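Engineer: Here it is, the structure in full.
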């Protein structure tokens with residue numbers, strides 16, 4: 001997926017945030033997002049906190065995966081934060097999965113597919 005984004009948008013526009021980076025590398029990527037140099041952030045659960053300005057869309061791949069919930073303090077659910085940010089910024093939230101979370105599937109069946117989750 002990262003390669004596809006780089007091919008489409010260019011490496012200089014993308015910040016990567018994941019645990020395999022050193023603390024210094026993560027800091028550098030974070031600063032690139034904060035300065036507006038990176039327009040796209042791709043990463044693990046904590047990437048939801050990246051300081052992007054002018055947020056336009058949030059995409060969560062494999063949304064059924066339980067790793068979006070932090071079990072360390074402070075505990076948080078990246079999907080719930082993404083829903084909040086999408087609603088606050090009036091932007092689309094895409095939850096992608098071949099096997100959606102049962103809660104996501106239930107909410108989708110209960111409402112119009114073109115509206116934000118409530």
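Each value in this text was obtained by applying a stated rule to the coordinates, not by laboratory testing. Quick caveat, the model's predicted, so the values are computed rather than measured. Here the Cβ positions follow ideal geometry from the backbone for every residue, glycine too, while neighbour counts run over all protein chains shown.
Engineer: Shape verdict for the range 21-88, please, from the Cα gyration tensor: rounded (a/c under 1.5), prolate (a/b greater than b/c) or oblate.
Structural biologist: Verdict is oblate for the range 21-88.
Engineer: Mind checking the angle between helix 23-35 and the chain's longest principal axis? C-alpha axes, 0 to 90 degrees, to the nearest 10.
Structural biologist: 80
Engineer: Say each of residue 5 and residue 108 gets a label point 7 Å from the Cα, pointing the same way as Cα to Cβ; how far apart are those two points in nm?
Structural biologist: Going from the residue 5 label point to the residue 108 one covers 2.1 nm.
Engineer: Only Cα pairs under 8 Å and at least 6 apart count here; give the relative contact order of the chain as a rounded whole percent.
Structural biologist: Reported as a whole number, the value is 20 percent.
Engineer: Now a separate question. Which percentage, to the nearest 5, of the DSSP beta bridges contained in the chain is antiparallel?
Structural biologist: 10
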